[in-house]
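Notes for the one structure printed next.
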Amino acid sequence: MGPLGVLAALWITAGRSLFGAGGSLVPVFAISFGPALAVLYLLATYYAWQEVKLQRAGVSAGLPLVTALVQVVGWLLAAVFGLLVPDRVDGVTVSAASALLGHDLVGLSAGFGNTAGILTFAFAIAVLLLTLASRRKAKEAARGIDDDVREQLERQESMYDFLD
């Protein structure tokens, strides 16, 4: 989870330079988008690892399949974003996709690149939130709090809120 997240951040930041699309945005992404994306994935990895440690202690929660699917989609979006993000190289706008498939794709790259970038970041946040939820559920299971107990506690809490 963590290494591929960092690799995705590196690809978006500077990997596109391999295709001649590394221009003025490389330093900008090196201090903004890349580190932020890497931190999100590394935090998600940390919380997922804590959940795995709880599993080894006898708590059988496990990371849900949806977390893995969101993670994979996030990596694919990062790959697409790295291909589509336009950059200025020697006064010419270029993207990795336009360098590979022809300069006519620069406009499409700009249009779809922004959407891919937003979705890349949104999916990274979603992975972090999903791993936090899994970790919380595993910690509750380690304390003996299952779904039935949680529901009873919530009912009691809402009854006291009603009385206030």
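Does any residue of the stretch 49-63 turn out to be touching a helix residue (DSSP H, G or I) at 6+ places or on another chain (Cβ under 6 Å), of a type in the set (Phe, Trp, Tyr) and modelled with pLDDT under 95?
Step one: list which residues in the stretch 49-63 are touching a helix residue (DSSP H, G or I) at 6+ places or on another chain (Cβ under 6 Å), which gives 50-51, 54, 59, 61, 63.
Filter again for of a type in the set (Phe, Trp, Tyr), leaving none.
No, the stretch 49-63 contains no residue that is touching a helix residue (DSSP H, G or I) at 6+ places or on another chain (Cβ under 6 Å), of a type in the set (Phe, Trp, Tyr) and modelled with pLDDT under 95.
If I go through the stretch 87-108 residue by residue, how many of them are part of a helix (DSSP H, G or I) and not β-branched (Val, Ile, Thr)? Can you show your working first?
Kept after step one, since they are part of a helix (DSSP H, G or I), are these residues of the stretch 87-108: 96-101, 103-108.
Retained after the next criterion (residues that are not β-branched (Val, Ile, Thr)): 96-101, 103-105, 107-108.
Going through the stretch 87-108 one residue at a time, the tally reaches 11.
Which members of the stretch 58-117 meet the condition of being more than 24 Å from Thr131 (Cα to Cα), of a type outside the set (Val, Ile, Thr) and open to solvent by less than 40 Å² (accessible area, probe 1.4 Å)?
If the condition is that a residue be more than 24 Å from Thr131 (Cα to Cα), of a type outside the set (Val, Ile, Thr) and open to solvent by less than 40 Å² (accessible area, probe 1.4 Å), then Gly82, Leu84, Pro86, Asp87, Ser95, Ala96, Ala97, Ser98, Gly102, Ser109, Ala110, Gly113 are the ones that fit.
Any chance the stretch 109-119 includes a residue that's assigned to a helix (DSSP H, G or I) and within 18 Å of Gly2 (Cα to Cα)? Quick ask: steps written out before the conclusion?
Taking the stretch 109-119 as the starting set, the residues that turn out to be assigned to a helix (DSSP H, G or I) are 109-119.
Checking which are within 18 Å of Gly2 (Cα to Cα) leaves us with none.
Checked the stretch 109-119: no residue is assigned to a helix (DSSP H, G or I) and within 18 Å of Gly2 (Cα to Cα).
It is to be established whether one or more residues within the stretch 25-44 are of a type in the set (Phe, Trp, Tyr), open to solvent by 40 Å² or more (accessible area, probe 1.4 Å) and under 17 Å from Ala96 (Cβ atoms). If you could, list the steps in order and put the result at the bottom.
Applying the first criterion (of a type in the set (Phe, Trp, Tyr)) to the stretch 25-44 yields 29, 33, 41.
Retained after the next criterion (residues that are open to solvent by 40 Å² or more (accessible area, probe 1.4 Å)): none.
Checking the stretch 25-44: not a single residue is of a type in the set (Phe, Trp, Tyr), open to solvent by 40 Å² or more (accessible area, probe 1.4 Å) and under 17 Å from Ala96 (Cβ atoms).
The values are calculated or read from the model by the stated rules, or taken from the named source; none is laboratory data. Note that the coordinates shown come from a computational prediction; the quantities given were computed from them, not determined experimentally. Cβ: placed from backbone, ideal geometry, glycine included. Neighbour counts: every protein chain shown. Remember, those area values only see protein heavy atoms, side chains included, never the ligands or the DNA or RNA. Shrake-Rupley method; radii C 1.70, N 1.55, O 1.52, S 1.80 Å.
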